[in-house]
Amino acid sequence: MTSKVQIRVGPAIETLNTIEENGSFDLAFIDADKQSNVEYFIQAKRLVRNGGVIIVDNVVRDGRVADLEQSDASIEGVRRLLEYIQNDSTVEATTIGTVGEKGYDGFLYAIKK
């Protein structure tokens, strides 16, 4: 079992660059600093196979992402990601809102073509 798992310690944006691109990942789950969402998404696309899934957590942020009067580093990071994906023909993506005891949020679900 241990041959199937590698633990890498360090800043994720730097560590992801050290993983060889071979399309061997079926799923990437991004739940990190929102300011770097675009960079994480680009790395995930590089590593996920065609037909693979990329999920980005916490992209609704109590609806503040859609409210142009709201702004902070996390909200702007999510907005940059959505703008990036809008012009990216290599993925199909949607955002799914969730409501629960933690409040109103959601995740982005993308499939790499």
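The values are calculated or read from the model by the stated rules, or taken from the named source; none is laboratory data. This structure is a prediction, so every number in the text was calculated from the model and none was measured. Quick reminder, even Gly has a Cβ in these numbers, built from the backbone with ideal geometry, and neighbours come from all protein chains shown. Calculation scope for accessible area: heavy atoms of the full protein, side chains included, ligands and nucleic acids excluded. Shrake-Rupley method; radii C 1.70, N 1.55, O 1.52, S 1.80 Å.
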Protein chains only, probe 1.4 Å: how do Val53, Val99, Val48 rank by accessible area, largest first? Val99, Val53, Val48
Determine the percent antiparallel among the DSSP beta bridges restricted to the chain, to the nearest 5. 75
Charges only on Cβ, +1 for Lys and Arg, -1 for Asp and Glu: so what's the dipole of the chain about the Cα centre, in debye to the nearest 20? 420
With label points set 7 Å from each Cα along the Cα-to-Cβ direction at Ile55 and Glu69, the distance between them in nm comes to 3.4
Amide H partners (placed H, <5 Å) of Val59, local residues excluded: Gly106, Phe107, Leu108
Can you list residues whose amide H is under 5 Å from Val48's amide H, if they're 5+ apart or on another chain and H is modeled 1.01 Å from N? none
Note: Ile111 to Asp31 extended length (0.36 nm per residue) minus current alpha-carbon separation gives 27.1 nm
Karplus-derived 3J(HN,Hα) from phi for segment 42-47 (6.51 cos²θ - 1.76 cosθ + 1.60, θ = phi - 60°), whole Hz, x at Gly and Pro, runs 4, 5, 4, 4, 5, 9
Calculate the FRET efficiency for Ser89 and Ser3 from the Cβ-Cβ distance with a Förster distance of 30 Å, rounded to the nearest 0.05. 0.25
For segment 36-113, convex hull of alpha carbons as volume per residue, Å³: 84
Highest mean first, what order results for 82-93, 7-18 on Cβ atoms within 10 Å? 82-93, 7-18
